[in-house]
Amino acid sequence: MDQKKYAKLEQGITPKPPILKNCIKAFLVGGAFCLVAQFIALFYMTFFDFTERTASNPTVATMIFISMLLTGFGLYKKIGQIGGAGASVPITGFGNAVVSAAIEHKSEGYVLGVGGNIFKLAGSVILFGVFSAFLVALVKTILVKLGVVSW
Amino acid sequence: MKGLLTFPSTPSIAATGVTAGPLEKKSPFHVNFDKMFDDERCGMKTNEQGHAKLMEDAIMIALSKVDKVPSDADFLLTGDLVNQMTPSNFSATTVGIPYIGLFSACATSISSVLLAALLTEAGLSKLAVAGSSSQHNAIERQFRYPIEYGSQKGDTSQWTVTAAGAAAITPYQKGVPSIERGTFGKSVDMGMTDPLNMGAAMAPAAADTLMRHLSGHNTSASDYDMIMTGDLSKVGFTIYKELIGNQGIKDFQNFSDAGEEFYGNNPDFMAGASGSGCSAAVYFSEIYKKMMDKEYKRVLLIATGALLSPLSYQQGDTIPCIAHAVELTMK
Amino acid sequence: MFSIYITSFIVGGLICVIGQLMFDVAKMTPAHTLCTLVVAGSILDGFGLYEPLIDFAGTGATIPITSFGNALTHGALAEAEKHGLIGVLTGMFEVTSSGISAAILFGFIASFIFKPKGNL
């Protein structure tokens, strides 16, 4: 049996992911994270001197704090198993990536283990975020200078 | 020849020892495990030390059942999945038996038994200990993600067991299962690339080794009370049956898979169990006991292993797999 | 005022559904998915489209990882407007510093307190 034939046989047997069910769960879990964040933003706007725009910073930090607790107590992996992308895509998922790597590599020490691995998972997001931001901003700035578009 | 082995002196498996972690209490097989730890690190500081402890205790239990101490043993043949197999190496340091580390991924449970049988057959060993082990946290962090990372595991994923199995192999003795024949597998690559669907990658290797064993030793599947594969699990086991069905095997009553049955039908464990401890724990507890009880007279054990590393997967390589088979009889 | 809670839930949920489709249909790993979403957020901001989404959905747009790409680009563009090309380099972390610093800080703190547990 060659590889092509086997791939066909394997495709016929391997169960397909339940896409609709997964999407509904991702929608609910992801939406729930955003809703919680909206209430936290309300808290910062009501009790502190934040506007709708500036409240975003402390809200993000608070969500990452919540993510740290959920990760540390072993709950985030359960949320991730249910919610899929609904748990990975919100900023809490970014927090989970950082925190889970940090506590995983504690056994190799704080410098080589935690320090060396804390961005093991989240690092690629930062890299591609920074690089694409650089390119987009560069192109836009040049286009503005050339008078093609305006800020 | 061609990887086929026959052992005229029929070396015996005089005793076995199986240890497992806390989660393995959910396994229907756990009643026959010798020792269950309540702590996933087996009371040690790191996962890897706990991993070594699992193996060490399994070795000691197997030896104690034949009233032996490590200094009586001639060879130790063990392996696991951690980089450079430190858990097996470290457990070998503790017991101090002349040691050969083996890597056949999750098929090490059988490759170690075959080599121990060869040493015994050649008259070079009076008592050899063979086995393999795996520890969930240590393996997951190496092959996949940090334990607490919230990634979604699909229906094809398998759960690495925390368990170790060891077998004490001696020249022929009455009243215990003996090793009659064996087949070393070929490394088979059918172009699978998904590391979260190992069963599908391993099934062709298992089918290849089974067919080679049957035709090479002139036996048929119905000659065995049980033909048990290692850790194909639900997806891989179905594919494997389809593959061997195409090659003329029609009756699957005496077929089973250790990984598929390891956690019963608990959906939390997705497609079932995997890891070098999976097949070792089931073969050296459940199967061994059923042979001792004479429920099984002749079994064929085919342990399966995926020969990938996180590096090979990231570099885009496909996943080659291997399966080794041993035939045990109870006279 | 109340409607922001509904739009936040729906928009945030939908961005996650896009992520889920990238997992299940495009067979992308979490890392590839998240990187793609970040780049998408960054490009959307280049066209000036992400800020209106934030006005519409609040945290539904700021909590998904797309907002990270948006914020990096937004910081770079704001500085570029003031200082020209050099601002593209210097402005990038202007807006996102809180997310990154919180993640580093809490990640490190967590490593003092917690141990990974392989339970279910």
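The values are calculated or read from the model by the stated rules, or taken from the named source; none is laboratory data. Just so it is clear, the structure is predicted and the values come from calculations on it, not from any experiment. All Cβ positions, even for glycine, are placed from backbone atoms using ideal geometry, and neighbour counts span all protein chains on display. To get the accessible areas, we keep the full protein, side chains included, count just its heavy atoms, and leave off ligands, DNA and RNA. Shrake-Rupley method; radii C 1.70, N 1.55, O 1.52, S 1.80 Å.
Which ³J(HN,Hα) values, rounded to whole Hz and listed in residue order, are derived for the stretch A:120-130 from phi using the Karplus coefficients 6.51, -1.76 and 1.60 in 6.51 cos²θ - 1.76 cosθ + 1.60 with θ = phi - 60°, glycine and proline given as x?
3, 9, 7, x, 5, 5, 5, 4, 6, x, 5
Restricting to the stretch B:8-170, compute how many DSSP beta bridges are antiparallel as a %, nearest 5.
If we restrict to bridges inside the stretch B:8-170, about 60 percent are antiparallel.
Which of the peptides B:44-50, B:194-200 is most tightly packed, and how do the rest follow, going by the mean number of other Cβ atoms within 10 Å of each residue?
B:194-200, B:44-50
Please express the shape of the stretch A:19-92 as an equivalent ellipsoid: the semi-axes are the square roots of 5 times the eigenvalues of the C-alpha gyration tensor, given largest first in whole angstrom.
In descending order, the three semi-axes are 25, 14, 8 Å.
Projected area of the stretch A:49-94, taken from the Cα convex hull and averaged over every viewing direction, in nm²?
About 3.5 nm², averaged over all directions.
Within the stretch B:148-181, report the trypsin sites (Lys or Arg not before Pro) that DSSP leaves as loop and that have at most 11 other Cβ atoms within 10 Å.
Counting only loop positions with at most 11 other Cβ atoms within 10 Å, the trypsin sites (Lys or Arg not before Pro) in the stretch B:148-181 are B:174.
How long, wide and thick is the stretch B:194-331, going by the Cα atoms along their three principal axes, in whole angstroms, largest first?
49, 31, 22
What value, in deg cm²/dmol to 500, does the helix sum -39500 (n - 2.57) over DSSP H runs of n ≥ 4 give at 222 nm once divided by the residues of the protein assembly as shown?
Here the helix-only value at 222 nm equals -16000 deg cm²/dmol.
Averaged per residue, what accessible area in Å² does the protein assembly as shown show with a 1.4 Å probe, protein chains only?
Here the residues of the protein assembly as shown average 39 Å² of exposed surface.
Please calculate the 1.4 Å probe accessible area of residue A:10, with all protein chains present, and give it to the nearest 10 Å².
10 Å²
Whole number please: convex hull volume per residue, Cα atoms of the stretch B:74-205, in Å³.
Output value, Cα hull per residue: 132 Å³.
Under DSSP H, which helices of chain B have Cα atoms covering 18 Å or more of the helix axis and a Kyte-Doolittle average no less than 1.0?
B:108-121
In whole Å, how far is the Cα centre of the stretch B:293-323 from that of the stretch A:97-141?
34 Å
If I fit a long axis through the Cα atoms of helix A:56-72 and take the longest principal axis of the Cα atoms of chain A, what angle between them do I get, 0 to 90°, rounded to 10?
For A:56-72 against chain A, the angle is about 40 degrees.
With every protein chain left in place and a probe of 1.4 Å, what is the accessible surface of residue B:242, to the nearest 10 Å²?
So the heavy atoms of residue B:242 present about 80 Å² to solvent.
Taking each pair of distinct Cα atoms in the protein assembly as shown once, what is the resulting Kirkwood hydrodynamic radius in Å? Provide the component values of the computation, followed by the final result.
Working: mean 1/r = 0.0388 Å⁻¹.
It is 25.8 Å.
Counting other Cβ atoms within 10 Å of each Cβ, which trypsin sites (Lys or Arg not before Pro) in the stretch B:234-312 have at most 16 and sit in a DSSP loop?
The qualifying sites are B:250, B:294, B:297.
What fraction of the Cα pairs in chain A, stated in percent, has a spacing above 29 angstrom? Show your work: numbers first, answer last.
Details: 4886 of 11325 pairs.
Here the long-distance tail beyond 29 Å is 43 percent of all Cα pairs in chain A.
With Cβ to Cβ distances under 11 Å as the rule, what net charge do the other residues near residue B:153 carry (K, R +1; D, E -1)?
Residues close to residue B:153 contribute a combined charge of -1.
Which whole number gives the average count of other chain Cβ atoms within 10 Å of the Cβ atoms across peptide B:152-163?
For this peptide, the per-residue mean of nearby foreign Cβ atoms is 4.
How high is the FRET efficiency from residue B:173 to residue C:29, r the C-beta distance, R0 60 Å, rounded to 0.05?
Using R0 = 60 Å, I get an efficiency of 0.70.
Could you tell me the largest-minus-smallest coordinate of the C-alpha atoms of the stretch C:68-120 on each of the three principal axes, in descending order and whole angstroms?
52, 21, 12
Can you give the relative contact order of chain B as a percent, counting alpha carbon pairs under 8 Å and 6+ residues apart?
It rounds to 25 percent for chain B.
In the stretch C:1-34, what residues drop by 40 Å² or more of accessible area when the other protein chains are put back, versus the chain on its own? Use 1.4 Å, and skip ligands and nucleic acids.
Buried by the other chains: C:5, C:9, C:16, C:17, C:20, C:23, C:24, C:30, C:34.
If you count the DSSP beta bridges with both ends in chain B, what percent of them are antiparallel, to the nearest 5?
If we restrict to bridges inside chain B, about 65 percent are antiparallel.
Quick one: Kirkwood hydrodynamic radius for chain B, alpha-carbon pairs, angstrom, one decimal? Don't skip to the end; give the middle numbers.
Values: mean 1/r = 0.0524 Å⁻¹.
When all Cα pairs of chain B are included, the Kirkwood radius is 19.1 Å.
For the stretch A:19-92, which whole-number percentage of the solvent-accessible area (1.4 Å probe, protein heavy atoms only) is attributable to carbon and sulfur atoms?
Of the solvent-accessible surface of the stretch A:19-92, carbon and sulfur hold 78 percent.
Starting from the Cα-Cα distance between residue B:312 and residue B:186, subtract it from 0.36 nm times their residue separation and give me the gain in nm to one decimal. Could the numbers behind the result be given before it?
Values: separation 126, 0.36 × 126 = 45.36 nm, distance 1.90 nm.
Extra length from residue B:312 to residue B:186 when fully extended: 43.5 nm.
Where both residues lie in the protein assembly as shown, what percent of DSSP beta bridges are antiparallel, nearest 5?
Counting DSSP beta bridges with both partners in the protein assembly as shown, the antiparallel share is about 65 percent.
Hand me the chymotrypsin sites (Phe, Trp or Tyr not before Pro) from the stretch C:21-66 located in a DSSP loop with no more than 10 other Cβ atoms within 10 Å, in residue order please.
Counting only loop positions with at most 10 other Cβ atoms within 10 Å, the chymotrypsin sites (Phe, Trp or Tyr not before Pro) in the stretch C:21-66 are C:47.
Partner chain Cβ atoms within 10 Å, averaged over the residues of A:116-125 - can you pull that number for me?
Working: counts 0, 1, 6, 4, 3, 7, 7, 1, 6, 11.
Average per residue, whole number: 5.
Out of the total accessible area of the stretch B:178-329 (probe 1.4 Å, heavy atoms of protein only), what percent is carbon and sulfur?
47 percent
Per-residue Cβ counts within 10 Å, from other chains only, averaged over B:186-194: what number is that?
3
Any chance you could list the semi-axes, whole Å, largest first, of the equivalent ellipsoid that the Cα gyration tensor gives for the stretch B:8-170, using √(5λ)?
Values: eigenvalues 155, 49, 43 Å².
For the stretch B:8-170, the semi-axes come out at 28, 16, 15 Å.
By its C-alpha gyration tensor, with a ≥ b ≥ c as the square roots of the eigenvalues, how is chain C shaped: rounded for a/c under 1.5, else prolate for a/b larger than b/c, else oblate? It would help to have the intermediate numbers written out before the result.
Numbers: a/c = 1.63, a/b = 1.22, b/c = 1.34.
Taking the square roots of the gyration eigenvalues as a ≥ b ≥ c, chain C is oblate.
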